[in-house]
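The following block contains the structure, expressed as structure tokens.
The values are calculated or read from the model by the stated rules, or taken from the named source; none is laboratory data. For clarity, every value in this text was computed on a predicted model and none was experimentally measured. Positions of Cβ are generated from backbone atoms using ideal geometry, with glycine treated the same way; all protein chains shown enter the neighbour counts. Calculation scope for accessible area: heavy atoms of the full protein, side chains included, ligands and nucleic acids excluded. Shrake-Rupley method; radii C 1.70, N 1.55, O 1.52, S 1.80 Å.
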Amino acid sequence: MKKVLLLGGAGFIGFSIAKNLAEKGGYKITIADNFFRAGGKIDFLLQSLVDEHDIRIVSGDFTKSNYFLELEKDYDYVYMLASVVGVDYVNEMPHEIIRINTALIYNTLEWLRSSKCGKVVFTSTSECYAGTVEAFDYQIPTAEEVPLTIQDITHPRFTYAVTKMLGESGFIQYANKLGFECTIVRYHNVYGQRMGFKHVIPHLAQRFLNGENPFKIYGADQTRAFNHIDDAVNGTVLAMEKGGNGEIYHIGTQEEITIKELIQYTGELMGFKGEYIDAPTYPGSVARRCPDISKAKKDLGYQPKVSWKDGLKSTINWYVDYLDKNKDLHESFYDNKKSK
Ligand SMILES: NC(=O)c1ccc[n+]([C@@H]2O[C@H](COP(=O)([O-])OP(=O)(O)OC[C@H]3O[C@@H](n4cnc5c(N)ncnc54)[C@H](O)[C@@H]3O)[C@@H](O)[C@H]2O)c1
């Protein structure tokens, strides 16, 4: 049995990694989280996973180093996913993004110093190079060796990327000096079931259900390559089990589509018969994003399998079903303000 710790494992990606490992078997799993994203408590999907697979939960705010004393000291694998994520949080509380994400990174690194863990995967983001692509017209699809750029250090939106750059450097340098292994994954627009209602796809589902018409398409010509959660999980687990020490991998897909295509197909799935109109997107949002995933394919055997249309269809179905079944639940699940 491999001993696995998922820091931030109650979140969107962490939950799906835990589920994947639990269903495969051969892992003894611990999830450490403060349930910030789920309104401070364990949601019923996580609770049933925990009950079914005997997963240990360590509940606490890991910006406080004392909670690390409740962890074991000899995990084979540590997935470091804990972070405050999301455009709204970045704009509303950039100082808290700096404090929380930096403290989570620093405390984890110092805990690793006094532990005997085997390997860590630190989860980073395409946001670290968004500035490079915009300011220097850098190549798209974009590979791992791209220089990282903060276009405007005074702007709140870059606080998240600043903390992820610190994390990439911090984990690589601590691993080199302290004798554990570390691999970095940079995610690119991961989507799927149970991701929270603030993300673009569930938010679209809600807007269609609310009857918006004409339906506004913000940033119609912008492109993204949406990475289904099942593929992102596979990529992350492969990075843990096969990724080189100190290596960085772009985890995503190269199926680049426009926001207009995404929205119009979502509308089709939801039976929308109204009008669409173009609208401006939020400032600082990059015009194009698409990772070069050749390195992950070559080194890890990573191969995304879910096409954007299939993934979108199953995700939209999941949200419509979820919203329908949970109309009367006294459950605040992932920022769904409609819940009582
Ligand atoms: N979802 C994406 O498309 C995407 C893209 C790029 C990078 N990432 C990175 O991947 C990781 C996982 O992303 P996600 O989408 O699952 O995000 P998420 O917000 O769903 O998960 C993060 C988890 O960290 C926990 N957390 C926050 N503050 C904490 C604290 N003080 N103590 C303990 N736990 C705390 C949250 O409660 C949450 O469960 C994050 O580090 C994120 O930055 C995600």
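If you go through the stretch 239-253 one residue at a time, how many are open to solvent by 10 Å² or more (accessible area, probe 1.4 Å) and closer than 12 Å to Trp308 by Cα?
1
In addition: Would you mind telling me which numbered condition in (1) assigned to a helix (DSSP H, G or I); (2) more than 16 Å from the ligand (Cβ to nearest atom); (3) buried (at least 17 other Cβ atoms within 10 Å of the Cβ) Thr149 fails?
Going through (1) assigned to a helix (DSSP H, G or I); (2) more than 16 Å from the ligand (Cβ to nearest atom); (3) buried (at least 17 other Cβ atoms within 10 Å of the Cβ) one by one, Thr149 breaks only (1).
Any idea how many residues of the stretch 13-63 are farther than 20 Å from Met80 by Cβ, in contact (Cβ under 8 Å) with a residue 60 or more places away in the chain and not charged (D, E, K, R)?
Looking only at that region, the number is 3.
With the requirement that a residue be over 18 Å from Ile184 (Cβ atoms) and of a type outside the set (S, T, N, Q), what does the stretch 89-108 give you?
Matches in the stretch 89-108: Tyr89, Val90, Glu92, Met93, Pro94, His95, Glu96, Ile97, Ile98, Arg99, Ile100, Ala103.
Please determine, by comparing only the residues of the stretch 56-88 that are of a type in the set (Ser, Thr, Tyr) and within 7 Å of the ligand (Cβ to nearest atom), which one is nearest to Tyr191 (Cα to Cα).
Ser83
Name the residue that is nearest to Asn227 (Cα to Cα), counting only residues in the stretch 125-145 that are assigned to a helix (DSSP H, G or I) and among the aromatic types (Phe, Trp, Tyr).
Tyr129
Can you find, within the stretch 161-206, the residue that is farthest from the ligand (Cβ to nearest atom) among those that are of a type in the set (Lys, Arg) and open to solvent by less than 30 Å² (accessible area, probe 1.4 Å)?
Result: Arg194.
Output the residues belonging to the stretch 244-287 that are among the small types (Gly, Ala, Ser) and under 21 Å from Phe12 (Cβ atoms).
Once the filter is applied, which keeps residues that are among the small types (Gly, Ala, Ser) and under 21 Å from Phe12 (Cβ atoms), the stretch 244-287 yields Gly252, Ser285.
Conditions (1) buried (at least 16 other Cβ atoms within 10 Å of the Cβ); (2) touching a residue at least 60 places away in the same chain (Cβ under 8 Å), marked per residue:
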{"position": "Glu255", "(1), (2)": "yes, no"}
{"position": "Thr266", "(1), (2)": "yes, yes"}
{"position": "Gly274", "(1), (2)": "no, yes"}
{"position": "Ala279", "(1), (2)": "no, yes"}
{"position": "Ser285", "(1), (2)": "yes, yes"}
{"position": "Lys298", "(1), (2)": "no, no"}
{"position": "Pro304", "(1), (2)": "yes, yes"}
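Turning to a different aspect of this structure: Just to be sure, is Val90 of a type in the set (Val, Ile, Thr) and free of Cβ contacts under 8 Å to residues at least 40 places away in the same chain?
No; evaluated as a whole, the condition is false for this residue.
Go over the candidates Asn227, Asn210 one by one and state the one that is surrounded by 19 or more Cβ atoms within 10 Å (Cβ to Cβ) and either free of Cβ contacts under 8 Å to residues at least 12 places away in the same chain or within 16 Å of the ligand (Cβ to nearest atom) (or both).
Asn227
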